[in-house]
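The values are calculated or read from the model by the stated rules, or taken from the named source; none is laboratory data. Because the structure is predicted, anything quoted here is derived from the model rather than measured. Positions of Cβ are generated from backbone atoms using ideal geometry, with glycine treated the same way; all protein chains shown enter the neighbour counts. The area values use the complete protein model at the heavy-atom level, side chains included, leaving out ligands, DNA and RNA. Shrake-Rupley method; radii C 1.70, N 1.55, O 1.52, S 1.80 Å.
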Amino acid sequence: MDFFMRLWKSALSLFCSMILAACGSRAPMLVVRDAGIAGDVLSARLEWQPDPSVISALDNGIALDFTVTLRAQAAPLIGWHRTLASWQRHLELRYYPLSRQYQWRDLDRGETRSFAARALLIAALEDLRLPMTTVGAPGAQRYVLDIALDRNALPGALRLPALLRPAWRLSSGEFAWPAPAG
């Protein structure tokens, strides 16, 4: 009986320390600071402070796929904004160890940009400029932007850690701004 009590206390202690560590850890950060549309180009200033485990995965050749969602919404009706139009783009950040190149790929347009350093790749994501096709919706009152890491695109071995660890729950949340008059 004494053995089981000690085992129970040590398991409870371990569980409590894991909870405290999870609560005290720095949350991953992907924030939209500013966004706008000029012509058919979506421009957004982001702030991304990736967790070391995410950077390690990137530096070991794991592709990080991001989904960029832009929605045009009408004036609220009974407190809810109605979506008039929606656009999605898929971006991939990846490192190729043999060529020592970081790549930014626009999976929808088939465009690729290469960078010699990780800092330049992250800076390109933080200064986002995406050509969009026919952005605009008559009657739109505001635009809403959301950028999120697609955890389902990760390799199988990373899916469970990505599900459990907050470092992999990268989403900017919704950033809204008024549609230009006219």
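Observations on the structure shown:
- Relative contact order [Cα under 8 Å, 6+ residues apart], region 79-132, whole percent: 23
- Nearest-20 debye value, region 54-182 charge dipole, Cβ charges on Lys, Arg, Asp, Glu: 120
- Listed residue (Q103, L64, A75) projecting farthest to the positive dipole end of region 30-182, Cβ model: L64
- Accessible area per residue in Å² at 1.4 Å probe, computed on region 46-163: 52
- Residue-span extension gain [R113 to E174] - 0.36 nm each, minus C-alpha spacing: 19.3 nm
- The charge dipole of region 115-182, taken about its Cα centre with unit charges on the Cβ of Lys, Arg, Asp and Glu (plus for the first two, minus for the last two), comes to roughly 240 debye.
- Rounded to the nearest 20, the size of the Cβ-charge dipole of region 90-138 about its Cα centre is 200 debye, with Lys and Arg at +1 and Asp and Glu at -1.
- Loop-located trypsin sites (Lys or Arg not before Pro) across region 113-160 with a Cβ neighbour count of 13 or fewer within 10 Å are lacking, with loop assigned by DSSP.
- In region 70-182, a dipole from Cβ-located charges (positive for Lys and Arg, negative for Asp and Glu) runs towards its positive end, and of L149, L160, L130 it is L160 whose Cα lies farthest in that direction.
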